[in-house]
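Below is one structure, written out as structure tokens; the observations come after it.
Derivation of every value follows stated rules applied to the coordinates shown; laboratory data play no part. Here the structure is a predicted model, which means the values were calculated and not measured. Quick reminder, even Gly has a Cβ in these numbers, built from the backbone with ideal geometry, and neighbours come from all protein chains shown.
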Amino acid sequence: MPQIHFLDVTNRDGVQTARTGLSKFGKTMVNFYLGRLGAAQSEIGFPFLFHEEPYVRAQIALAEAGAFGGLRLSGWCRGVAADVEKAAGVRAGGTGLAHYNLSISTSDYMIANKFRGRLDRNAIVREMVAAVRAAKAGGAETVGVNAEDGSRTDDGFLKEFALAAKEAGADRVRYCDTIGGDTPDRIRDRFAELASAVGMPVETHCHNDLGLAVANSVSGALGDLEAGQDAWINTCVNGIGERSGNADLLSTILAFRHGFGLQERGIEIGDPIDLSWARRFALWASYAFGQPLPYNQVGVGRNAFAHESGIHADGALKDHGNYELYDEETLGPFPDDWHTRRGRVVLTGEYGGKAGFRHVMDGLGVEPVDEDLAFKLVQLCNAQTGRPLTDDELRLIGAYPRELSLLFPGQLG
């Protein structure tokens, strides 16, 4: 039976959002949380960019050391062979990224108004095929090909593009609703038809310009399943992303777990999802991105399980199931980090000393693998983030200082 998988793009689409961003250490923490949550894959960023190279090496080393559980790491590149070849050369201990997504625009609108005569349909297919072959030649285990503006690409060319990608060695095609104009019925039909025609999964990538990113992601996935293919859904933590955002990770998971009528069809999530990390991830991301969560944010907002009106309050007091779809306890505890303590508190950070470092680590029950290196990393990571480090960040530093040191080439002696 085909299954549903979550491929999170916070570290690529999310971080390129205007007026926001993450440090490289922050992007590392996204991968840590995705691993704990049980997502299948993280699109970790742009391995062909010079300033991503130390970060990518650190992620590869951390993954090899087990810091991210079973999370697969993938790089995003333009559908250009030269970019892919450069990305494949970024390695840690002889190991490079094993998964890639390669992107190129496919709609007539973008061909006319973005490429402006530089590329036509035939050239787009040629570029994409060369990029896929370069990724496979560079050792990639899986390659996804992104049809940017797929929702404005006609069915015939989408099929031609996907079949050429498959013949070149691609494993999935990503249908990008780049401007967020798709609707659930339409996207479901298109996914079912395309997945049936090409015989491989069609991956959802939905933007939220009409507030339909989660609904479209669910519907597109259903089209995949109807065609007998696994469904791969792109998400971002807290629904961040360009303009109005991307499909929210938690909302999409909850939709498949609790949406009426879905379980009866035998639909299964193929990833080992552990929602007890949901609140810690969402609130960490809010803190790290500097974006307060809306009160009504699904599952993790301040009002997600709040009741006031008489009828609702009475019903919830008798049995929360009267007015709640799922149990809030499944989402795990709210974080209660060391740095949020009131009154007298000793912290550790960029300008802290060894005594404060040991005090905090002892209080958290952390025994660093390499105390001197971990101490220096606390200073560097705090300097990079510009805010107090969280308990989970300190725990990761204590457990994997050698791998994390790759984030800071030439700075640790």
- Message: If you filter the stretch 331-404 for trypsin sites (Lys or Arg not before Pro), then keep DSSP loop positions with at most 15 other Cβ within 10 Å, what is left?
- Response: Arg341, Arg342, Arg344
- Over the chain, calculate the relative contact order: mean separation of alpha carbon pairs under 8 Å at least 6 apart, over the residue count, as a percent. 16
- Task: Name the most mobile residue of Ala306, Ala39, Ala285, meaning the one with the largest mean-square fluctuation, in a Gaussian network model of the chain with Cα contacts below 10 Å.
- Result: Ala306
- Item | 13 Å beta-carbon shell around Leu364, net charge (K/R +1, D/E -1) | -4
- Task: Tell me which residues come under 5 Å, amide H to amide H, from Ser105 once H is placed; ignore anything under 5 positions away on its chain.
- Result: Glu148
- Message: Per 0.36 nm of contour for each residue apart, how much would the distance between Val346 and Ser196 grow if the chain were fully extended, relative to their Cα-Cα spacing?
- Response: 48.0 nm
- Query: Considering the chain as a Gaussian network with a 10 Å cut-off on Cα pairs, which listed residue, Ile311, Ile267, Ile240, attains the greatest mean-square fluctuation?
  - Reply: Ile311
- Stokes-Einstein, Kirkwood over Cα pairs, the stretch 266-318, 37 °C, 0.692 mPa s; D in µm²/s equals 243
- Task: Pull out a ≥ b ≥ c, the square roots of the eigenvalues of the alpha-carbon gyration tensor of the stretch 1-142, then state rounded if a/c is under 1.5, prolate if not and a/b is larger than b/c, and oblate in the remaining case.
- Result: prolate
- Item | Cα centroid separation - the stretch 48-97 against the stretch 150-199, whole Å | 27
- Just grab the label-to-label distance for Gln379 and Thr20, each label 7 Å out from Cα along the Cβ direction, in nm (one decimal). 3.3
- State whether the chain is rounded, prolate or oblate according to the following rule on the C-alpha gyration tensor (a ≥ b ≥ c being the square roots of its eigenvalues): a/c under 1.5 gives rounded; otherwise a/b larger than b/c gives prolate, and the remaining case gives oblate. oblate
- About its Cα centre, what dipole magnitude does the chain give when the only charges are +1 on Lys and Arg Cβ and -1 on Asp and Glu Cβ, stated in debye to the nearest 20? 1240
- Task: Go ahead and set up a Gaussian network model of the chain, Cα springs under 10 Å, then flag whichever of Ala81, Ala123, Ala192 fluctuates most.
- Result: Ala123
- Query: Counting only residues 5 or more places away or on other chains, whose amide H sits under 5 Å from the amide H of Arg72 once H atoms are built in the peptide plane?
  - Reply: Gln41, Ser42
- Message: Tell me whether the stretch 1-82 comes out rounded, prolate or oblate; compute the Cα gyration tensor, take square roots of the eigenvalues as a ≥ b ≥ c, and use a/c under 1.5 as the rounded threshold.
- Response: rounded
- At q = 0.18, 0.30 1/Å the base-10 log of I(q)/I(0) from the Debye formula over the alpha-carbon atoms of the stretch 34-80 is -0.54, -1.10
- From phi via Karplus (6.51, -1.76, 1.60), per-residue ³J(HN,Hα) for the stretch 174-180 in Hz, x at Gly/Pro: 9, 8, 9, 8, 4, 9, x
- Note on the structure: Calc'd 3J(HN,Hα), the stretch 284-294, phi into Karplus 6.51 cos²θ - 1.76 cosθ + 1.60 (θ = phi - 60°), Hz, glycine/Pro = x, comes to 4, 4, 4, 5, 5, 7, x, 10, x, 6, x
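Restricting to the chain, compute how many DSSP beta bridges are antiparallel as a %, nearest 5.
5
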- Item | Cross-link pairs beyond the 27 Å C-alpha cut-off, checked among Lys86/Lys166; Lys24/Lys376; Lys114/Lys166; Lys24/Lys166; Lys27/Lys166 | Lys24/Lys166; Lys27/Lys166
- Net length gained if the chain between Ser244 and Asn296 were fully extended (0.36 nm per residue, minus Cα distance): 17.1 nm
